[in-house]
Amino acid sequence: MRLLKVLLPIFLIVLAACGGAGGDEAGTPGELTVDNVTANLTLPTETGALYMRIVNNTDSDDALLGATVPGCGTIELHEMVMQDDVMTMRQLEGNRLPIPSGQTVMLERGGLHVMCLGKTGEFTVGQAVPITLEFENAGTIELSAEVIDPGAMESGMGDSDSMGEGDE
Ligand SMILES: [Cu+2]
């Protein structure tokens, strides 16, 4: 029993530490916030995609209506859907992404994304790209997106915790 008494506090400390990192109290109370903005824009195509986390801590439902990114001709809001066993992307109805009150909406690879069409800009990995988001209620939010390596993103999936880079 003595061993258990020693181990239990350690166990609780470890648990608390993990909860702190993984539980991730998202956003700011009373506000709609956007973070973790990344841009997949380096492929030699005329398209690209941007990803982010949107947290709506306000009392009212909101919606993302569009965005502006220099170097992108047109921006659309897209989702991924299964069509005849093939994953394809399509524009959200009315180009409107609902962000309900109290909800966190993830735009991520293989899911919702901000689509860059008619890309003319030259982008390099690590570069910071300004992005202006337009919300129904929150209005305009200006942020900076980090241009990511599309390949690194693929391999980084699943083992991001072991990379030791942390969430910054
Ligand atoms: Cu798309």
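Each reported figure results from applying straightforward, stated rules to the coordinates on display, with no laboratory input. Keep in mind it's a predicted model, so treat the numbers as computed, not measured. With ideal geometry, Cβ positions are generated from the backbone for all residues, glycine too; neighbour counts draw on all protein chains shown.
Observations on the model:
- Extension gain (nm, one decimal) between THR45 and THR120, 0.36 nm per residue minus Cα-Cα: 26.1 nm
- Label positions at ASP149 and VAL81, each projected 7 Å from the Cα along the C-beta direction, are separated by 3.5 nm.
- Model label sites at THR88 and GLU31, defined 7 Å from Cα along the beta-carbon direction, differ in position by 4.1 nm.
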